[in-house]
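Worksheet for the structure shown next.
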Amino acid sequence: MILQDLIFGLGVGAMFALLATGIVLVYRASGVLNFAHASIGVAATYVNFELLERFPWMPVGVAFLAALATGALVGMVVHRLAFVPVAGASQVTKLLVSFGVAGAIQGVIGLVWARLGTPSMFGESLFPTNRGFSLADAVVSWQRLALIVAGVSLTVGITWLLTRTDFGVQVRALAQNPMAARLAGIDERRIERRVWALAGASAALAGVLLVPFGPLNPLSLMGVQLKALAAALVGGFASLPAALAGGLGLGAAQELVAGAPAPFNGLSGVLATALILVLLLVRVERFFVSEQEARAVEGGERPVAAGLGSVPLGTPRAWLVGFAVAALVVLALSGFWAFVAARTLVYALLGLSLVVLTGWTGQVSLMPGTFAGVGAALAWVLSVRFGYPFVLVVPMAAVATVPVCAVAGFVALRLRPLYLVVATIALAGLFEETLFRQEWFANGGRAMTVTRPSWLEGDHAFALFTVAVVAALFAFTAAFGRTRTGRALRMVRDNPTAAAAGGVNPTKYGLLAFTLSALYAGVAGALFAYLLETFSSAAFGFLVISLAAFGLSVVGGIRSPIGPMVGAFGFVFLTEVFRGSGGVSDWSSVLLGAGLVFVLARDPDGLVGLARRFRRPFGWFDRSSPAETAQTTEEPEEWEGPSGAEAEPVVVMSRD
Amino acid sequence: MGHAIDARPRARTRVRARRSVALSVVLALAAAACSAEGGELSFETRAAAPAATSAADRRDAPRQEGGLFPVTAERAAAGRTTAAGGTEAGGPAVSPGASSGTGGTTPSRGVLKIGTVLPLQGGQRDFGEPVLRVTQAYIDEVNARGGVGGYTLQLVAYNACLTCQDEALQAAKRLVEEDDVFAFVNTYVMAIAFIPVIEYLDEHRIPLIQGGAEDMTSDALSPVTFATAPPGSFYGRFFVEVVKRYLQVDRIGITYLSVPTEAEAIPQLEAEFAKEGIEVVRKEPIEAAEEAVTSMDAAIARMRAAGAQGVVTTNPVLLAYGRIAADRQGWHVPWYGPAAWSHLLEDACGRICDDVVFTDTAGLSYPDRDTPQMRQFLDTMAARYPEGHTTGHELAAWVAMQLFTEVLARTGADAEAFIAEMETLANLDLGTTSPLTFSPDSHMGGNATILLKLKDGKYVRSSDPLNFGYLEE
């Protein structure tokens, strides 16, 4: 049976490797960790099966080629419309744009095939899925064999392309030293376009070969894509053979665990995420990638764009005055809108946790929702299981969130920025599959109910309480950001080496940022629990809250506390204002993705950055302290180290 | 007539894989209901309930009188079912085209809003849009015939994602507090998102009427929620009886999604199989529905090596792709799993599932009944969506609307009276599903389901309606 599981596992691993190839290619050429890769493949797959259904006379090979062409075309279009405008932006920006593109492609698929009808796929694929050959008692379908052959061939072929052709040399030159490549006359856009076309075609190949094994829908391949990311990181997002090895190894490990006796066979999902974390921590890529290559890739990683000029923090007094006004507004609202206001503020607080962690310290975390889930579950544990009163539950839940989330901080401080993104996704999955299913911690994943005290029963009362808590934390953050410690955090983000030279311990400040971020998320989670009153841990899934909090922070402007406040207002409050009455529109997904690209292409600091061009409003906001105003609006405050000495911003990631 | 609603060409079908996944959640919750009785399965709870007015008592009586499914033209034309007695002739009081109970002769009372919250955008759109489409179609038809009890119905639908609990609660609060809806309908795909909403609706005494149910861990559901599906406890028994009587094997493998709603039901299910002398030789958890793509081949090989003579699954995706993987390996043993007329089985599995795959209607609807009510449903949908593909799953949404309007016609827009009337319904035959019976201790009104299997790649009936406590061919 072990041999059999191994054979099946290699087939599964080939799927991971097939997708990983395109992810690595795009990352090397454009610096984009492309979460839309699977969606490009799915779009092409729809075209393939639609052609086969609409034109029964069409040979499957022709439809297959059409799908490859579609994948290449979609890849080029995505590159031109979404990623060229943000070419000089930070990795955070590009990452978020890729999420937006994925949503937009899924929306387009929904729009098109809502009319055409989802094509059925079984029995019309390139290779038969129901026939195969026996090998060591295992029956391997021809389709599965095709996957393995395609995965290996694609890896070998593209590796050859990158190492033996002029095109490959140009791609590698761009990846290692864009400026030198440009000086050598390499047309960057043209090379990138070709790479995106190649990656799009490889995604299409994966989709056409893979989908006959499962249902076709806009979200197909998303689960496989996460495993493909794990495969890609084995090679440090630089080595294709290592990605192939990573994919095959992960697939084999997954199936071998699945083949173990119960209950261990239920751990295959946990094992995959745990394996990702281990691979990250031991920096497995150093066995596959040369030091030079690793430095080249890592050198291009910058989680938050630097040299962008200052962004306002807001003074503590301005925040308190602002929230006092907000409280008055809440009193004037109906109960429902008071609820919406409270929810808006909870999301803003989650965003604030990312400002400290990502915006200031440069550690990209995609698990704020997970931290909030920990806070919410702890609120339930403390109030229901231990009977603590509400006034103690919220602060205790927030403080207790910190050690639980310290595991993420422990991992984060040992990883380079790109790996941290992947690690937080893996950690979010690990939390969801383990801690969030515990009876003692999250009621086994079932509903948890907390009861508000009588003085907070109404929507108005709870909204006012939320205003007070959030006001205190925003004012504290504004004050903290102006302290020596706050500036040191930003210095660590921009140049850890310079920070260390200036007496700033990057590890210490990184840990501090994680602690503060977890604290904020814990408060947000506890407030979330009492806002809903009945909830389950599923509410805090990666795709539910984390992406929303991350997105609203980046679109609003992740370097300033004003960013998440603006983003949350748009994401929660304005969305509710403009909520349709019964309309069904997939255009919303498409427009949201397009809007996201537009805002970030205009200014990497999002809406705050756009508003910064009209300084007057923020001049008012910061005018309470002329000295601070001068510092925050005229000088690049990120570059003022703890000693007060100014440093020159380092301009990075600019390809123009 | 076999498969009356499946007459459109296959090329026009829309694979409802994700809808099937959603339904599987509902059905998995049904299986999870096995754990509702202090960790031990008890399928006799309802029948053993001592109250003379319990649903089981009232359901049993008419069945003995042959009142379950003698659906004839005469009976359908006989008029409305009365609530209190519960044994009179069936037929919808309020349905499109039926004058009795509709607003044709009643003075107009204005617009009555009803609300629903569904995933209507992005990748999850396929979950919500068909339900919304059917619900709106029903309301339009009713309104075109004068409304219900003098009311013109207006549907207000808001979007929320399948697991977005805060978004769903916000949408529900808006419906109740800003739009002033009288009731909610057809939100049963929102099992996870509605966790806070159910409490909220209960607190505000807003009735919720639908096909499946968000929370099936208790037959009573919430005090304001009513579902036309059979109680969860029914399914625990049904699994075992089908394996014993139809699959006729005593060594089985079980494959299920490794999510709490499905995984927690497995030990209880396993224990119940053991009581009948059926051995579970291998359990294969699959991490997620999309993992069926990667993991089914190996899972099949392991179940086969363990000596399984048949396979039971709690999920339609695993049923379809598991059977395909089994066929690849030349392993032709019988399968059973809930698919509820999902076209995933027909489209993806087709003839490969012939004769070896058993499934059932989940009690949500009986698409092959030949009644005036069924013809109204088919005619309405065919007229509105000639290119569309109507499923048994969508019929469940129609059934819920029939039930809602039936009771609304009796009580008017009085929520407390509406809820009280719902709890007195007994053997209400709407012509599109099994007769419905509710009581204060059971808000899940269905009382039977039909076993299906695939023949020539299409569903065919494999049994008459199957009921609690015993099976009847």
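Please treat every number below as a calculation from the coordinates, not as lab data. None of these values were measured; they are calculated from a predicted model. So basically every Cβ, Gly included, is an ideal-geometry build from the backbone, and we count neighbours across all protein chains shown.
Summary table below
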item	result
For the range A:65-71, Karplus couplings with θ = phi - 60° (6.51, -1.76, 1.60), whole Hz, Gly/Pro x	5, 4, 5, 4, 5, 4, x
Long-range amide H partners of B:VAL357 with built H, under 5 Å	B:TRP335, B:LEU454
Residue-by-residue Karplus 3J(HN,Hα) for the range A:407-413, coefficients 6.51, -1.76, 1.60, Hz, glycine and proline x	4, 5, x, 4, 5, 4, 6
Burial ordering of B:PHE226, A:PHE598, fewest other beta-carbon atoms within 10 Å first	A:PHE598, B:PHE226
Nonlocal amide H pairs with A:LEU366, under 5 Å, H built at 1.01 Å	A:THR424, A:ILE425
The range A:416-423 - phi-based ³J(HN,Hα) in whole Hz, Karplus 6.51/-1.76/1.60, Gly and Pro as x	6, x, 4, 5, 5, 4, 5, 5
Set B:LYS244/B:LYS455; A:LYS227/B:LYS283; B:LYS244/B:LYS453 screened for pairs whose C-alpha atoms are more than 19 Å apart	B:LYS244/B:LYS455; A:LYS227/B:LYS283
Segment A:LEU111-A:ALA324, extension gain: residue separation times 0.36 nm, minus the distance between their alpha carbons	72.3 nm
Built amide H within the under 5 Å cut-off of B:LEU436, gap 5+	B:ASN427, B:LEU428, B:ASP429, B:LEU430
Surrounding net charge for B:GLY337, when Lys and Arg each add one and Asp and Glu each subtract one, Cβ distance under 15 Å	-2
Average beta-carbon neighbours from other chains, 10 Å sphere, peptide A:218-230	3
B:ASP180-A:VAL270 FRET efficiency (beta carbon distance; Förster radius 51 Å; 0.05 resolution)	0.60
For A:VAL325, B:VAL242, A:VAL364, order by how many other beta-carbon atoms lie within 10 Å, fewest first	A:VAL325, B:VAL242, A:VAL364
Radius 14 Å from Cβ of A:TYR530, net charge of other residues (Lys, Arg +1; Asp, Glu -1)	-3
Sorted by Cβ density within 10 Å, fewest first, the residues A:TRP142, A:TRP360, A:TRP380, A:TRP57	A:TRP57, A:TRP142, A:TRP380, A:TRP360
